[in-house]
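Report on the structure given below.
What follows is calculated from the coordinates using simple rules that are stated; it is not laboratory data. It should be emphasised that the depicted structure is a prediction, and the values quoted were computed from it without experimental measurement. We place every Cβ from the backbone using ideal geometry, glycine too, and count neighbours over all the protein chains shown.
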Amino acid sequence: MAEERTFSIIKPDATRRNLTGQINAMLEDAGLRIVAQKRIRMTTGQAEEFYGVHRERPFFNDLVAFMTSGPVVVQVLEGEDAVAANRKVMGATNPAEADEGTIRKRFAESIEANSVHGSDSRENAAIEIAYFFSGTEIVG
Ligand code: GDP
């Protein structure tokens, strides 16, 4: 187990319902520390680049429209095995398949409007953090 960082987004469905604090509490209860955080409105270009790996998927345009439909909160989380710990507390992509006690089970509206994003690997975490934050904005 190693101390590491991961990247997180509280998505527009959750900011719309004023759930930032409740989601942050679940992240903190899972042992993650929020070492950087800002509320932004993603541009279409940012969302297209961020989700570029899904460009060929049928839901890509809907996903970009959703992610730009309202404010998001981008975050850097730090803790023991932070990537895996965050994926665990997030729950499965499809809330119908998410375990009890996870953020998506509790709050997600659909497979698309599923309240949170979390990096799926250490490598992607580093790329995603650097896309949204400068080093001086992260205070561990
Ligand atoms: P994640 O790592 O659990 O977020 O899942 P993926 O990387 O597979 O998908 C990225 C995001 O695309 C998800 O969090 C959803 O917001 C959205 N998404 C994934 N699968 C679907 C789908 O089948 N339909 C729609 N509309 N959106 C999806």
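Quick notes on this one:
- Pairs meeting the criteria (first residue in segment 113-135 and touching a residue at least 12 places away in the same chain (Cβ under 8 Å), second residue more than 8 Å from the ligand (Cβ to nearest atom) and in a loop (DSSP other than H, G, I, E, B), beta carbons under 6 Å, at least 6 apart or on different chains) are 114/108; 115/108; 125/119; 128/119.
- Qualifying residue in segment 111-128 (condition: at positive phi and among the hydroxyl-bearing types (Ser, Thr, Tyr)): yes
- Consider segment 1-35 and keep the residues that are closer than 15 Å to residue 140 by Cα and assigned to a strand (DSSP E or B). The one that is nearest to the chain's Cα centre (by Cα) is 7.
- Annotation: residue 43 fulfils all but one of (1) surrounded by fewer than 16 Cβ atoms within 10 Å (Cβ to Cβ); (2) in contact with a helix residue (DSSP H, G or I) (Cβ under 7 Å, 6 or more places away or on another chain); the unmet one is (2).
- Neighbours by Cβ (under 9 Å, 6+ apart or cross-chain): first from segment 39-59, touching a residue at least 24 places away in the same chain (Cβ under 8 Å) and within 14 Å of the ligand (Cβ to nearest atom); second outside any loop (DSSP other than H, G, I, E, B) and of a type in the set (D, E, K, R): 50/128
- A count restricted to segment 3-28 and to residues that are within 25 Å of residue 121 (Cβ to Cβ), of a type in the set (D, E, K, R) and touching a residue at least 12 places away in the same chain (Cβ under 8 Å) stands at 5.
- Top-ranked residue of segment 60-110 - restricted to ones that are among the acidic types (Asp, Glu) and without any contact (Cβ under 8 Å) to a residue 40 or more places away in the chain, ranked as nearest to the ligand (Cβ to nearest atom): 97
- Lone qualifier among 129, 138 - being buried (at least 19 other Cβ atoms within 10 Å of the Cβ) and not small (Gly, Ala, Ser): 129
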